[in-house]
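The values are calculated or read from the model by the stated rules, or taken from the named source; none is laboratory data. Bear in mind the structure is a predicted one, so any value in this text is a computation, not a measurement. Counting neighbours? That spans all protein chains shown, and the Cβs are built from the backbone with ideal geometry, glycine included. Heavy atoms of the whole protein, side chains included, go into the accessibility calculation; ligands, DNA and RNA do not. Shrake-Rupley method; radii C 1.70, N 1.55, O 1.52, S 1.80 Å.
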2 protein chains.
Amino acid sequence: MLRLAILISGRGSNLRSILQAIKTRRLVGVEARVVISNNAQAGGIAIAKKFNVATEILTPSGLGGWSFDKKLLSLLEKYTVLPSNGLICLAGYMRILSPKFVERYKMRIVNIHPSLLPSFPGLHAQKQALEYGVKVSGCTIHFVNEGVDSGTILLQQPVRVMDRDSEETLSKRILAQEHKLYPRAIKLIAEKRIEVKGRKAMLI
Amino acid sequence: MLRLAILISGRGSNLRSILQAIKTRRLVGVEARVVISNNAQAGGIAIAKKFNVATEILTPSGLGGWSFDKKLLSLLEKYTVLPSNGLICLAGYMRILSPKFVERYKMRIVNIHPSLLPSFPGLHAQKQALEYGVKVSGCTIHFVNEGVDSGTILLQQPVRVMDRDSEETLSKRILAQEHKLYPRAIKLIAEKRIEVKGRKAMLI
């Protein structure tokens, strides 16, 4: 069983798509052990509860990167989501993980980003895409490394940008693809079908 | 009639796709006035001749940007491909146009690039994409501005990157899409269906 810890900060729509995929057995060999939010108001907490998944709230209390992430490590140990058996899924988690934490869970942390990386990393990727004037954007699942949205790419899905798109309409169209992509990526990892060589993640 | 000058440096496969589209009347209201190569050995010269299009060879003879481009301007005037009635299509043209030239033909120069810009501008875009490890690349038609591959985007087509792709196989798959995209872009310009506002090119 691959043990998931899903980290959120907001409404948790990708969280829902993952939990739904597990519940409906599109995603098997995977167990959602805990949902951790750094925001007590996150809508995703209610979603986790609805799916009977344990929740933890870890509010910053002014703690910097590693001090905060040490508490995160303790929680992961509490739920035995370890580098050896676990996968950390960032799903709208708005904190940057400290290098020490990333090193500990090397290649065991994945994130989803609403653009075709390396275009438009960082915040407001959909707005960046609209302002640049691209005709195709999309979403990317990647392993988390010490940089921002710069880790090895697992999966990408292109999404057309329409002339009339607003940030909202484009975000919505991309989000629909994110919800399909994230469970697919977790499935590939659970089935040990991903082989990583340098920057390339290949299917085996 | 939109008058085309097509600038090449090499084999001219995009040139062929444009001339073929004109010949088979998939592309109407467009006349290929001249093919200009900065390389006397370019394979595209024979293609132009096969389609009965005038050819000109403009070899650098050590001339810098604007000195060279002044000769280019003379040629365009000779064939009456002017900013008012013409379009300059870069099709594997390996020189960078000088800012003065670009200013003269503002929004009347288009280029094709084998990536989904803004990812992987510059040379060897397909190799860059493979080395980064993206799962989706593609091609972009854009207006040429004073920067490198940074002008307003007209059309983009995504192309899947396969695990086993070499630079050659990926380039080939992208090229097949380039050959469809370039005639489409020229058609939209000939039909005056492109409205540009800032960085956005919209269909009207």
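The table that follows gives values for the structure above.
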| item | result |
| --- | --- |
| Of residues in the stretch A:146-162 being more than 12 Å from every other protein chain (Cβ to nearest Cβ) and either touching a residue at least 40 places away in the same chain (Cβ under 8 Å) or touching a Lys or Arg at 6+ places or on another chain (Cβ under 6 Å) (or both), the one farthest from B:ILE204 (Cα to Cα) | A:GLU146 |
| When residues of the stretch B:174-204 are limited to those that are of a type in the set (Gly, Ala, Ser) and open to solvent by less than 60 Å² (accessible area, probe 1.4 Å), the one farthest from the other protein chains (Cβ to nearest Cβ) | B:ALA190 |
| The stretch B:117-134, residues that are farther than 14 Å from B:ARG164 by Cα and within 11 Å of chain A (Cβ to nearest Cβ) | B:LEU117, B:PRO118, B:SER119, B:PHE120, B:PRO121, B:GLN128, B:TYR132 |
| Qualifying residue in the stretch A:163-173 (condition: within 13 Å of another protein chain (Cβ to nearest Cβ), among the charged types (D, E, K, R), open to solvent by 20 Å² or more (accessible area, probe 1.4 Å) and under 23 Å from B:HIS113 (Cα atoms)) | yes |
| Residue pairs meeting the criteria (Cβ under 9 Å; at least 6 apart or on separate chains; first without any contact (Cβ under 8 Å) to a residue 40 or more places away in the chain and more than 23 Å from A:TYR132 (Cα to Cα), in the stretch B:90-118; second part of a strand (DSSP E or B) and not polar (S, T, N, Q)) | B:PHE101/B:ILE109 |
| Tally, over the stretch A:105-138, of residues that are crowded, with 17+ Cβ neighbours inside 10 Å and of a type in the set (Lys, Arg) | 2 |
| Options B:ALA32, B:ALA5, B:ALA48, B:ALA42; residue that is surrounded by 21 or more Cβ atoms within 10 Å (Cβ to Cβ), assigned to a loop (DSSP other than H, G, I, E, B), not assigned by TED's automatic domain parsing to the domain that holds B:PHE143 and not β-branched (Val, Ile, Thr) | B:ALA42 |
| Neighbours by Cβ (under 6 Å, 6+ apart or cross-chain): first from the stretch B:9-30, more than 22 Å from B:LYS192 (Cβ to Cβ); second of a type in the set (Ser, Thr, Tyr) and open to solvent by 10 Å² or more (accessible area, probe 1.4 Å) | B:SER9/B:TYR93 |
| Condition check for A:HIS142: under 12 Å from the mean Cα position of the chain (by Cα) and not assigned by TED's automatic domain parsing to the domain that holds A:GLY64 | yes |
| Test: residue in the stretch A:95-111 that is out of contact with any Cys (no Cβ under 7 Å at 6 or more places or on another chain), among the basic types (Lys, Arg), outside any helix (DSSP H, G or I) and over 30 Å from A:VAL161 (Cβ atoms) | yes |
| Selected residue [more than 10 Å from chain A (Cβ to nearest Cβ) and either more than 16 Å from B:GLU178 (Cβ to Cβ) or at pLDDT 95 or above (or both)] from B:SER84, B:SER137 | B:SER84 |
